[in-house]
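Enquirer: Let me give you the structure first, and then I'll get to my questions.
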Amino acid sequence: MSNQHKIWLLKLIIHLFSMGLISLTYFNALNDNLGADPVEAVLHFTGIGAINLLLLSLVISPLVRQWKLSWLMQVRRLLGLYAFFYALCHVLSFWAFEIQFNVSLFFEEIIERPYITVGLVSFMLLMALAITSWSKIKRKMGKSWQKLHNWVYLAITLAVIHFYWSVKSDLTEPLIYFIILVVLLSFRKNKFIRK
Amino acid sequence: SNKKTFETSPLKYQAASSIADTLTPEAKVISHNNFYEFGTAKNDPAENAQSFKVDPWTLEISGECEKPITLNYDDLFTTFDLQERIYRFRCVEAWSMVIPWIGFQLSELLKKVQPTSRAKYVAFETLFDPQQMPGQKSRRIGGGIDYPYVEGLRIDEAQNPLTLLSVGLYGKTLPPQNGAPIRLVVPWKYGFKSIKSIVKIKLVEKMPPTTWNILAPNEYGFYANVNPQVDHPRWSQASERRITTGGLLARNRVATLPFNGYGEQVAHLYKSMDLRKFY
């Protein structure tokens, strides 16, 4: 299989997987078929989904470097964009289904609850990265593009903190995410040490 | 799956007269539970508790009282006349249900054991049985809580006519995920006060320790009265999502009422107290 075919195939899998799971979740939630509280179920699915996709996108470059799989770089943007899409669904679902379009309550929650504030900052960063992910914009931005996109490390860290903070008592799952995050960041330690 | 479902049986009781709120469907009441002894996800208890053994059962009422007694499984259903009470049930996580409980007033049981003058509080304890309750065996499954789960009320709260010992819901005995065979229901307090699968009730002189207060004292107080004015540190308590029917699009956010709407019956218990301090 040529590298181009591998890219197409992998992209197809990412599309089917990401769109399939989220469509199924919303379909079941709309039909009251997702447990007693479909709102909670949707928020959890989209939130965790965004974190999973973002972490997956951060696995790519270490893989490329380790195994010389340079073609893999071609799917990284798609993973990042799906992470943003899931995060967008998470925020919109929070507003539409949890807060139920109550604008003042929405802003109250964002300002007064640090864990929601942190989540929203992460989302804004992802939005900036998603908007500037077009090839045309990337070319126009030149060197500053990479600088901007290094903010992904802050975005994922804030997202994991947001998850950790939202959990009532059992911290095992968020701690596992922290460990994965630290491992992925450690591959980039040169980036953080360098001035 | 081939797992067998816990069998509940019909109860004889005096039905509630009027229904003001829309009931939460039975299927949701018995599938959306916080009962960390069986796992922390809302659907865990319904999945992991079906083989829970409730008969034989022993409920021991002791401590500062003249006539301590021990009730066995059958006694739970025959010692007092059972009645239906339809209560709003407000979880501290800002969702709520409307549930037709069946049970008897805790005050009747207290009358029977005759508290002494030293009985200032009532302490409750859930069964400790790690063989049957996976959350008690593993800190990961059980959410890092130290078991057994314990709760408490002030004696006047326990004697209030609203305070119910429930042995059933929707006309039948309780399923294990809802706290079979006997649980507390205190409708003006957040749900975590309504301790499940009780084996011990003890009348005591000093304020007893309570599980969520031990775990996070800045988030969960001893009183835990439903109060829209006092937010949880991580979310607002001003409103709640009422779980009834309808999927994602159900517009179910309603204002939270002081004492969950039962102020007329219970506000006098806290007349001289600063409820921001005693949350």
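The values are calculated or read from the model by the stated rules, or taken from the named source; none is laboratory data. Since we're looking at a predicted model, the values are computed, not measured. All Cβ positions, even for glycine, are placed from backbone atoms using ideal geometry, and neighbour counts span all protein chains on display. Please note that ligands, DNA and RNA were not included when accessible areas were found on the heavy atoms of the full protein model with its side chains. Shrake-Rupley method; radii C 1.70, N 1.55, O 1.52, S 1.80 Å.
Enquirer: Check off (1) out of contact with any helix residue (DSSP H, G or I) (no Cβ under 7 Å at 6 or more places or on another chain); (2) among the aliphatic types (A, V, I, L, M); (3) surrounded by 14 or more Cβ atoms within 10 Å (Cβ to Cβ) for residue A:156 and give me the number that stays unchecked.
Expert: (1)
Enquirer: Looking at A:49, A:20, which one is over 24 Å from residue A:146 (Cα atoms), buried (at least 16 other Cβ atoms within 10 Å of the Cβ) and not aliphatic (A, V, I, L, M)?
Expert: Working: A:20 fails: buried (at least 16 other Cβ atoms within 10 Å of the Cβ).
Selected residue: A:49, the only one of A:49, A:20 that is over 24 Å from residue A:146 (Cα atoms), buried (at least 16 other Cβ atoms within 10 Å of the Cβ) and not aliphatic (A, V, I, L, M).
Enquirer: Considering only residues that are within 11 Å of chain A (Cβ to nearest Cβ), buried (at least 18 other Cβ atoms within 10 Å of the Cβ) and not in a loop (DSSP other than H, G, I, E, B), which ones fall in segment B:24-43?
Expert: Scanning segment B:24-43 gives B:28, B:29, B:36.
Enquirer: How many residues are among the charged types (D, E, K, R) and part of a helix (DSSP H, G or I) when one looks only at segment A:136-195?
Expert: 9
Enquirer: Further question on the same structure: Among the residues of segment A:96-105, write down those that are surrounded by 17 or more Cβ atoms within 10 Å (Cβ to Cβ) and part of a helix (DSSP H, G or I).
Expert: A:97, A:98, A:105
Enquirer: Show the residue pairs that are 6+ apart or on different chains and have beta-carbon atoms under 6 Å apart, the first residue being within segment B:183-204 and open to solvent by 10 Å² or more (accessible area, probe 1.4 Å), the second being basic (Lys, Arg).
Expert: Final answer for the pair search is B:196/B:183.
Enquirer: Related question: Would you please list the contacts, defined by Cβ atoms under 7 Å and residues six or more apart or on different chains, that run from a residue in segment A:79-92 that is in a helix (DSSP H, G or I) to a residue that is β-branched (Val, Ile, Thr) and crowded, with 21+ Cβ neighbours inside 10 Å?
Expert: Within 7 Å, the pairs are A:86/A:46; A:89/A:46; A:90/A:46.
Enquirer: Is segment B:230-244 home to any residue that is away from chain A (no Cβ under 12 Å), of a type outside the set (Phe, Trp, Tyr) and open to solvent by 10 Å² or more (accessible area, probe 1.4 Å)?
Expert: Yes.
Enquirer: Moving on. Under the condition of being without any contact (Cβ under 8 Å) to a residue 24 or more places away in the chain and not aliphatic (A, V, I, L, M), which residue from segment B:221-262 is nearest to residue A:168 (Cα to Cα)?
Expert: So, considering only residues that are without any contact (Cβ under 8 Å) to a residue 24 or more places away in the chain and not aliphatic (A, V, I, L, M), the one nearest to residue A:168 (Cα to Cα) is B:234.
Enquirer: Another question, then. Out of the residues in segment A:62-72 that are open to solvent by 30 Å² or more (accessible area, probe 1.4 Å) and within 23 Å of residue A:182 (Cβ to Cβ), state the one that is nearest to the other protein chains (Cβ to nearest Cβ).
Expert: Taking the candidates together, the pick is A:63.
Enquirer: Can you run down the residue pairs with Cβ atoms below 9 Å, 6 or more apart or on separate chains, where the first is in segment A:30-48 and facing chain B (nearest Cβ under 7 Å) and under 15 Å from residue B:94 (Cα atoms) and the partner is among the hydroxyl-bearing types (Ser, Thr, Tyr) and not in a helix (DSSP H, G or I)?
Expert: Listed by first residue and then by second, the contacts come to A:36/B:24; A:36/B:31.
Enquirer: Could you please find all residues in segment B:96-118 being in contact with a helix residue (DSSP H, G or I) (Cβ under 9 Å, 6 or more places away or on another chain) and open to solvent by 10 Å² or more (accessible area, probe 1.4 Å)?
Expert: B:105, B:107, B:111, B:115, listed by residue number.
Enquirer: If a residue has to be touching a Leu at 6+ places or on another chain (Cβ under 8 Å) and buried (at least 20 other Cβ atoms within 10 Å of the Cβ) to count, how many in segment B:124-147 make the cut?
Expert: Total satisfying the criteria: 2.
Enquirer: Would you say residue A:43 is assigned to a helix (DSSP H, G or I), over 29 Å from residue A:188 (Cβ atoms) and open to solvent by less than 20 Å² (accessible area, probe 1.4 Å)?
Expert: So residue A:43 fails the test.
Enquirer: Continuing with this model, one more query. Just checking, does segment B:32-40 include any residue being within 19 Å of the chain's Cα centre (by Cα) and free of Cβ contacts under 8 Å to residues at least 60 places away in the same chain?
Expert: No: zero hits.
Enquirer: For segment B:245-259, which residues satisfy the criterion of being in a strand (DSSP E or B) and crowded, with 17+ Cβ neighbours inside 10 Å?
Expert: B:253
Enquirer: Can you find a residue in segment A:174-182 that is in contact (Cβ under 8 Å) with a residue 24 or more places away in the chain and open to solvent by 50 Å² or more (accessible area, probe 1.4 Å)?
Expert: Taking segment A:174-182 and keeping what is in contact (Cβ under 8 Å) with a residue 24 or more places away in the chain, we get A:177, A:180-181.
If we keep only those that are open to solvent by 50 Å² or more (accessible area, probe 1.4 Å) too, we end up with A:180.
The answer is yes, given that some residue of segment A:174-182 is in contact (Cβ under 8 Å) with a residue 24 or more places away in the chain and open to solvent by 50 Å² or more (accessible area, probe 1.4 Å).
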